[in-house]
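Here, each number is a calculation from the coordinates, and none is a lab measurement. Here the structure is a predicted model, which means the values were calculated and not measured. Neighbour counts are summed over all protein chains in view; Cβ atoms, including those assigned to glycine, are modelled from backbone coordinates with ideal geometry.
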Amino acid sequence: MSVAVNKAGAVLHTFILTASIVLLLVCPACKRPELFREAKFQIGTVVTLSAYGSDQAAIHEAFVRAFAEVERLGALMGNDPSSDVSRINDAAAGTAVTISPETAALIATALDLSLKSQGAFDISFAPVGKLWDYKAQPFVVPDKETVAASLKNVGYKNLTLNGSSVIKTRDGLAIGLGAIAKGYIIDSCVEVMRASGIEDGIVDAGGDIRVFGKKGNRNWVAAVRHPRDTSGLLMSFPLSPGEACATSGDYERFAIAGDGKRYHHIIDPRSGYPADNFISVTVIGTSAMIADARATAFFVMGLEQTKEFLRQTPDCEVILIDQQMRCYASSSLKKRIQLIDKSLLIEWF
Ligand code: ADP
Ligand code: MG
């Protein structure tokens with residue numbers, strides 16, 4: 001009798017042991033969550049995808065889909081000969097060019113921001129933008145006459161969007177989506193990852209990010225780089241689920257000319273010269289596309305115009321750093337900013 005009990009106990013024990021091994025094998029979600037990360041060079045920058053979870057295979061699958069989405073949108077919005085952008089740029093004035101709904105949505109947002117920023121943000125900056133070739137050896141500052149001549153072809157009002165159709169009113173008008181497409185692509189990647197079942201993650205394209213969910217019970221944390229010592233960080237702050245954060249800086253793409261002056265890639269479309277109000281602008285909001293575009297816009301607009309914009313449209317927060325390393329930040333950020341560089345003084349507004 002007692003033997004039978006022992007036997008039954010042993011059978012039960014073996015069953016529980018086997019069941020838990022099987023459970024571990026077939027239920028990856030029951031494993032402890034960990035951080036998975038994959039990076040690729042895409043759309044001219046490093047795209048890094050992160051997910052906090054336990055099903056490694058499902059996460060990898062989601063990453064594959066998200067990288068494919070970056071590739072697809074990059075081909076529409078970049079400078080490939082067959083992209084929507086190139087087709088617009090190659091078109092003659094008065095000819096309607098039909099573009100993808102995605103690029104049309106992006107252009108609609110860009111035109112709206114051009115209006116609100118009084119032309120500081122302008123995707124038609126491209127004819128003057130191409131005069132500033134930072135990769136050229138040696139780097140040559142374009143002469144004033146050339147800059148003035150190319151400005152004749154700059155102006156968002158010379159571009160009309162009707163649904164998914166674009167018409168230019170000047171042959172020489174050309175656009176570039178470098179200040180806004182990255183943000184749009186980040187938002188789309190977040191959607192792809194979530195639709196693939198990932199609940200917690202980050203999409204990072206060259207330092208512009210959008211988070212979703214959390215890392216366990218903690219919010220994801222973002223940081224602002226030191227604009228003059230890019231290996232160092234100035235401050236960090238937590239991002240709530242769904243928030244995005246984008247930075248425009250004069251340290252990303254620039255050249256130092258013979259006169260010792262720094263010329264960089266954010267152009268004031270009204271003067272044709274690099275904007276020199278700020279050296280770093282960070283925007284935090286709920287859309288990566290809007291944060292990306294506004295970071296560039298505020299960079300050109302300068303302090304007073306940016307403050308006025310935010311009074312009218314108080315749906316994002318900013319961290320602005322000027323040439324003298326003075327920092328101005330939205331007072332609503334006070335409770336979440338953690339200073340890393342203690343020498344930085346912040347004026348809250
Ligand atoms: P990054 O691409 O380094 O993150 P930004 O988001 O600020 O930086 O975008 C800068 C890019 O935007 C430039 O490289 C150029 O392609 C484009 N650009 C420059 N000046 C303007 C402007 N005033 N309005 C719209 N786009 C601009
Ligand atoms: Mg931008």
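Taking the Cα centre of the chain as reference, the dipole from Cβ charges on Lys and Arg (+1) and Asp and Glu (-1) amounts to some 660 debye. If you take all other residues with their beta carbon under 9 Å from the beta carbon of S196, and give Lys and Arg +1 and Asp and Glu -1, the sum is +1.
A cut-off of 5 Å between modelled amide H atoms, ignoring neighbours fewer than 5 places along the same chain, links H265 with R253.
In this structure the amide hydrogen of V46, modeled in the peptide plane, comes within under 5 Å of the amide hydrogens of G206, none closer than 5 places in sequence on its chain. Note on the range 27-173: dipole from Cβ charges, positive end direction compared against G78, A68, L161; the farthest Cα belongs to L161. Here the gap between T48 and D90, fully extended at 0.36 nm per residue and compared with their Cα-Cα distance, gives a gain of 11.9 nm.
Starting from 0.36 nm per residue, how many nanometres of slack lie between W348 and K157 once their C-alpha separation is accounted for?
Values: separation 191, 0.36 × 191 = 68.76 nm, distance 3.52 nm.
Going from the current span to full extension adds 65.2 nm.
What residue among A179, G129, P227 has its Cα farthest toward the positive end of the dipole of the chain, where the charges are +1 on Lys, Arg and -1 on Asp, Glu, each on the Cβ? Result: P227, furthest along the dipole toward the positive end.
Lys/Arg Cβ at +1, Asp/Glu Cβ at -1, dipole of the range 203-349 taken about the Cα centre: which of I319, P269, P238 is farthest positive-ward? Result: P238.
3J(HN,Hα) along the range 135-140, derived from phi through the Karplus expression 6.51 cos²θ - 1.76 cosθ + 1.60 where θ = phi - 60°, amounts to 8, 5, 10, x, 6, 10 Hz, with x in place of Gly and Pro.
Does a label point 7 Å from the Cα of I256, set along Cα-to-beta-carbon, have any residues of the range 269-301 with amide nitrogen under 16 Å, and which are they? No residue passes the distance filter.
Each residue of the range 200-205 was assigned a 3J(HN,Hα) from its phi angle through the Karplus expression (A = 6.51, B = -1.76, C = 1.60, θ = phi - 60°), giving 9, x, 9, 10, 10, 10 Hz with x at Gly and Pro.
For the listed peptides 204-213, 74-83, 191-200, a ranking on the average number of other beta carbons within 10 Å per residue, highest first, reads 204-213, 191-200, 74-83. For L239, the residues whose amide H sits under 5 Å from its own are W220, V221, A222, ignoring neighbours fewer than 5 places away on the same chain, with H placed 1.01 Å from N. In order along the range 318-332, phi translates into HN-Hα couplings of 9, 10, 10, 10, 9, 4, 8, 6, 7, 10, 10, 9, 4, 5, 5 Hz, rounded to whole numbers, per the Karplus curve 6.51 cos²θ - 1.76 cosθ + 1.60 with θ = phi - 60° and x for Gly and Pro.
Charged side chains reduced to their Cβ positions (Lys and Arg at +1, Asp and Glu at -1) give the range 236-281 a dipole of some 100 debye around its Cα centre. Under a model in which nothing but the beta-carbon of Lys, Arg (+1) and Asp, Glu (-1) is charged, the range 45-136 shows a dipole of about 220 debye around its Cα centre.
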